[in-house]
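K.L.:
Can you read through this structure? Questions will come right after.
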Number of protein chains: 2
Amino acid sequence: MMYHELMIMCEFIIGGAAITCKNEFEKINEDNLVTVSSQLRETMMSASSSESVLEMDWSKRPGGISETLNRVDDFKQQEILDCNSFVVIHGAGSFGHFQASKSGVHKGGLNQPLVKAGFVATRISVTSLNLEIVRALAREGIPSVAMSPFSCGWSTCERNIASADVSTVVEALDSGFVPVLHGDAVLDESLGCTILSGDVIISHLAAHLKPQFVVFLTDVFGVYDRPPAEPNAVLLREIAVREDGSWSVVKPSFEGADKQVEISVASHDTTGGMVTKISEAAMIAKLGIDVYIVKAATEHSLTALSGKLREKIPEDWLGTVIRYVP
Amino acid sequence: MMYHELMIMCEFIIGGAAITCKNEFEKINEDNLVTVSSQLRETMMSASSSESVLEMDWSKRPGGISETLNRVDDFKQQEILDCNSFVVIHGAGSFGHFQASKSGVHKGGLNQPLVKAGFVATRISVTSLNLEIVRALAREGIPSVAMSPFSCGWSTCERNIASADVSTVVEALDSGFVPVLHGDAVLDESLGCTILSGDVIISHLAAHLKPQFVVFLTDVFGVYDRPPAEPNAVLLREIAVREDGSWSVVKPSFEGADKQVEISVASHDTTGGMVTKISEAAMIAKLGIDVYIVKAATEHSLTALSGKLREKIPEDWLGTVIRYVP
């Protein structure tokens with residue numbers, strides 16, 4: 001019931017690669033994070049672009065507390081801002097992966113000291129990143145609240161979600177907050193523990209919250225027919241998902257060639273499971289929810305976040321649209 | 001059912017004042033935090049004092065990652081350690097209070113921008129402290145996991161706990177982890193939001209988890225008959241709680257004088273609600289759970305954590321015992 005009162009405009013996924021420095025251990029890409037945060041603010045705060053940003057991170061940082069104090073007094077004169085419902089889910093990027101892979105947390109086995117330690121170490125790493133993202137959003141005046149799947153009591157069985165009550169997320173949204181979730185180490189009924197990936201969280205939330213659209217922010221312009229680095233790589237503009245969950249590239253149109261096969265071949269070797277990504281997006285699209293895969297911190301991501309793409313895709317927009325075509 | 005399988009040895013409350021620098025904004029008392037963590041490790045890891053500490057914080061920090069890597073390999077040869085069930089709850093100290101009081105989060109009113117911003121700012125501050133405490137414990141080889149009441153979906157109504165499912169905490173304990181909770185900003189059914197204090201969390205968990213004993217770590221030796229700074233302040237060694245919840249000082253014995261009244265008078269003006277603290281402890285003691293109020297990072301806190309006090313209180317032990325006397 002609560003679910004129907006609630007209109008989620010967008011589920012907004014920040015790929016780990018988009019906000020961290022891939023090859024540097026636990027290093028945030030500050031520039032991207034700031035741009036992503038201000039773009040989200042622009043799109044979620046109705047008619048507020050003119051107003052001064054009201055920081056909601058009053059903690060110690062370079063710049064210090066005196067400035068924060070002034071900020072606090074700003075609020076007294078401030079009108080409350082209408083803000084659309086957003087949910088943010090972020091990947092781990094260069095956080096967590098080292099700890100998880102070193103210990104094999106995803107394989108389970110909490111009775112092994114290495115796995116148990118890895119579970120603790122992974123959560124420390126991903127929650128550190130989560131805190132920094134919440135703070136970056138708060139500095140842009142976005143009422144962001146951290147929600148760790150493990151703390152929310154979410155658990156899996158054989159790596160599939162066994163219990164993931166979304167009511168806490170819904171209540172936060174109802175109160176006008178922006179929940180910020182992330183891939184996390186969780187308890188698994190059969191394995192003891194595993195990693196609950198951001199992608200699984202996205203599909204789960206999409207199915208329950210029924211957002212108008214979902215945006216994947218990544219570090220490339222979208223989905224290509226081969227590794228983007230390759231000279232002849234072609235950006236796939238539009239992918240149609242059919243009733244049976246199968247999908248095909250509708251734009252650009254390739255004569256004859258069966259792109260699906262070609263991509264899957266390419267991806268298994270080199271693109272790190274781009275087909276997996278498309279299949280996940282396809283599952284969301286099948287619910288009638290448009291999915292936009294776009295490069296973070298660009299004009300294209302701003303357009304995607306604004307929801308304008310639901311009416312029409314501009315010719316000069318760079319990204320991949322995945323939508324259900326009955 | 002699960003609850004009965006589980007034997008919680010101790011609920012372990014770190015007062016904010018014991019681990020932060022009271023008068024310095026968001027400053028942790030590193031020395032105390034390290035000592036508190038190693039004392040907890042000593043008491044929770046059976047027969048492991050001789051073994052090398054297996055760090056579970058593998059994140060970037062002074063000392064760096066190479067050292068972390070060596071650590072990781074240690075685990076492969078390591079026996080799993082028996083560890084007793086502990087729950088850690090910490091106060092905010094110099095974290096969160098500024099944000100909460102500036103905005104009046106405890107009074108509610110999320111429709112006011114200042115309150116909403118304060119809610120976000122308070123959570124950022126207290127979760128930052130929580131992360132540092134989890135990391136300090138993990139460095140001592142304690143499998144600590146952060147659990148924010150707000151993320152756990154805990155909420156209040158008129159500031160009293162309305163919904164606070166402890167099953168997530170129980171499952172973490174069952175899996176051999178040490179849940180680390182803290183006072184937090186939460187949603188309130190009637191007020192919109194408020195502050196759920198660590199003390200309320202303690203009583204709630206004590207009532208549900210039935211620990212063998214509860215330790216309050218503070219920055220003084222225990223409860224005094226007047227402000228500890230005063231020259232003639234007397235440490236109250238033992239307080240007896242009766243069936244009806246009333247309590248009285250049994251050690252030292254004061255001839256005639258009604259200490260209870262005297263303390264309450266003194267406390268209202270000066271000791272910052274020591275009577276409130278005693279009353280909370282008394283509620284826990286009434287459940288048949290001994291409560292020890294002791295100075296953090298001392299030999300006395302180590303003794304209290306070890307559980308030895310349940311057999312006998314050594315003459316030279318400094319602290320306050322609050323227990324039920326039928």
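K.L.:
Out of curiosity, is residue B:175 within 8 Å of another protein chain (Cβ to nearest Cβ) and either open to solvent by 40 Å² or more (accessible area, probe 1.4 Å) or of a type outside the set (A, V, I, L, M, F, W, C) (or both)?
P.N.:
Considered against the rule, which asks whether it is within 8 Å of another protein chain (Cβ to nearest Cβ) and either open to solvent by 40 Å² or more (accessible area, probe 1.4 Å) or of a type outside the set (A, V, I, L, M, F, W, C) (or both), residue B:175 comes out as yes.
K.L.:
So which residues in the stretch B:187-220 are touching a Cys at 6+ places or on another chain (Cβ under 7 Å), closer than 30 Å to residue A:143 by Cβ and open to solvent by less than 40 Å² (accessible area, probe 1.4 Å), if there are any at all?
P.N.:
Correct list: B:187, B:188.
K.L.:
Select from the stretch A:176-201 the residues that are more than 13 Å from residue A:155 (Cβ to Cβ) and in a strand (DSSP E or B) and list them in ascending order.
P.N.:
Listed by number, the residues that qualify are A:178, A:179, A:180, A:181, A:182.
K.L.:
Restricted to the stretch B:112-153, and to residues that are part of a loop (DSSP other than H, G, I, E, B) and over 26 Å from residue A:139 (Cα atoms), which residue is nearest to the other protein chains (Cβ to nearest Cβ)?
P.N.:
B:143
K.L.:
Okay, next question. So how many residues does the stretch A:98-112 have that are closer than 16 Å to residue B:172 by Cβ and open to solvent by 10 Å² or more (accessible area, probe 1.4 Å)?
P.N.:
2
K.L.:
Another question about this same structure. Of the conditions (1) more than 9 Å from chain B (Cβ to nearest Cβ); (2) on the phi > 0 side of the Ramachandran plot, residue A:107 fails just one. Which one is it?
P.N.:
(2)
K.L.:
Here's a follow-up. Looking at the stretch A:113-129, which of the residues that are in contact with a Lys or Arg (Cβ under 9 Å, 6 or more places away or on another chain) and open to solvent by 10 Å² or more (accessible area, probe 1.4 Å) is modelled with the highest pLDDT?
P.N.:
A:128
K.L.:
Do we have residue B:233 as modelled with pLDDT under 90 and touching a strand residue (DSSP E or B) at 6+ places or on another chain (Cβ under 8 Å) here?
P.N.:
yes
K.L.:
Looking only at the stretch B:154-172, which residues are of a type in the set (Asp, Glu) and within 10 Å of chain A (Cβ to nearest Cβ)?
P.N.:
B:165, B:171
K.L.:
Tally up the residues in the stretch A:221-246 that are among the β-branched types (Val, Ile, Thr), surrounded by fewer than 22 Cβ atoms within 10 Å (Cβ to Cβ) and touching a residue at least 40 places away in the same chain (Cβ under 8 Å), please.
P.N.:
The number of residues fulfilling the criteria is 0.
The values are calculated or read from the model by the stated rules, or taken from the named source; none is laboratory data. This is a predicted model, so every value here is computed, not measured. Please note: Cβ atoms are built from the backbone with ideal geometry, for glycine as well, and neighbour counts cover all protein chains shown. Heavy atoms of the whole protein, side chains included, go into the accessibility calculation; ligands, DNA and RNA do not. Shrake-Rupley method; radii C 1.70, N 1.55, O 1.52, S 1.80 Å.
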